[in-house]
1. Looking only at the range 116-156, count every residue that is hydrophobic (A, V, I, L, M, F, W, C), in contact with a Lys or Arg (Cβ under 8 Å, 6 or more places away or on another chain) and not in a helix (DSSP H, G or I) and tell me the total.
2. Counting only residues that are part of a loop (DSSP other than H, G, I, E, B), surrounded by 10 or more Cβ atoms within 10 Å (Cβ to Cβ) and among the hydrophobic types (A, V, I, L, M, F, W, C), which one in the range 23-62 is modelled with the highest pLDDT?
3. What residue, of Ala123, Ala91, Ala84, is at pLDDT 90 or above and under 17 Å from the mean Cα position of the chain (by Cα)?
4. Need the failing condition index for Val96 against (1) surrounded by 19 or more Cβ atoms within 10 Å (Cβ to Cβ); (2) more than 12 Å from the chain's Cα centre (by Cα); (3) modelled with pLDDT of 90 or more, just the number.
Amino acid sequence: MPADTTFYAPVGYSAWWPLLGVALLILCAAAVAWIWVATKPAGTIGVPNFVPPRHPQGVKAKYLALIDGLQNQHDAGHLATRAAHSELSLAVRTFVHEMTGLRTQRMTLTELREHRLPLAEEAVELFYPGEFSRTGGDRLVSDSAQAARNVVREWR
């Protein structure tokens, strides 16, 4: 090698290239996140193998008739106040089960809240004093039956 040759260091990368690479990675991650959020079904409750009822109006009519029957049994003296509240609670919970697939029949009030079932949660909370007190509570069965009907009618 000749002695008069000088060595030149390689030209360095511009500082913009690594920044551009990081920006592209962030852009790709944002696109994946947006696609995941945009294609996620909204407002569904993940119950495996659950098929919603084909005729929800028929299910509603069935439970409205059941609630009316429970109130009529109580009014006729064939069903005690405490038993009426218990049966109304079970009717509402079973209705919610048929509409959502969740096993709500034995859920506590806290579990109903955790599953974000506000209509059912409010009605069950109203039934609790009549259902769990020795005397059946101060709540009238007709008021509780109306609360149960509201759950069925307002369900979407």
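The values are calculated or read from the model by the stated rules, or taken from the named source; none is laboratory data. Here the structure is a predicted model, which means the values were calculated and not measured. No Cβ is skipped: glycine too gets one built from the backbone with ideal geometry, and neighbour counts run over all protein chains shown.
1. Selection size over the range 116-156: 1.
2. Result: Phe50.
3. Answer to the check: Ala123.
4. The one condition Val96 does not meet is (2).
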